[in-house]
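Scroll down for the structure; my scribbles are underneath it.
The values are calculated or read from the model by the stated rules, or taken from the named source; none is laboratory data. Predicted model only: the values in this text are computed from it and were never measured. Positions of Cβ are generated from backbone atoms using ideal geometry, with glycine treated the same way; all protein chains shown enter the neighbour counts. Side chains included, ligands, DNA and RNA excluded: accessible areas come from the protein's heavy atoms. Shrake-Rupley method; radii C 1.70, N 1.55, O 1.52, S 1.80 Å.
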Amino acid sequence: MNKLILKNDFKLYELFVGLTVTIMITCDTLVYKTFDFYSVKITASGIIFSLCYLLSAITTEVYGYKLGTRIVWIIVLCQSLFVILVNIT
């Protein structure tokens, strides 16, 4: 019953999960790319990470704390898998 309610009520939840995971993995790949902004060095991942924070705040407010923590665990698992795959190759 819980899965039925989840699929009917939260149609954009999967989209937010996918965007958040994509942004976090992009942050991992762009950590060494820097930009000079008026003699201040800024990493590209620092700019993109703010989007992930924004999406996480929005999903927690819209879908609740339980689904927000589920997104965090999905991000942790996907980032761990990404790091393992990058280090293997």
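Considering only protein heavy atoms and a 1.4 Å probe, what is the carbon-and-sulfur percentage of the accessible area of the stretch 19-87? Carbon plus sulfur share of accessible area: 72 percent. Set the Förster distance to 35 Å, then compute FRET efficiency between T89 and I47 from the Cβ-Cβ distance, nearest 0.05. Between T89 and I47 the formula returns 0.85. Per residue, the average separation of C-alpha pairs within less than 8 Å and at least 6 apart gives the chain a relative contact order of 28 percent.
Considering only I42, I74, I23, the Gaussian network model of the chain with Cα springs below 10 Å gives its largest mean-square fluctuation to I42. Normalised per residue, the accessible area of the stretch 18-89 is 73 Å², obtained with a 1.4 Å probe and no contribution from ligands, DNA or RNA. Helix 44-63 and the longest principal axis of the Cα set of the chain meet at an angle near 10°.
Over the alpha-carbon set of the chain, divide Rg by the Kirkwood Rh and report the Rg/Rh ratio to two decimals.
1.08
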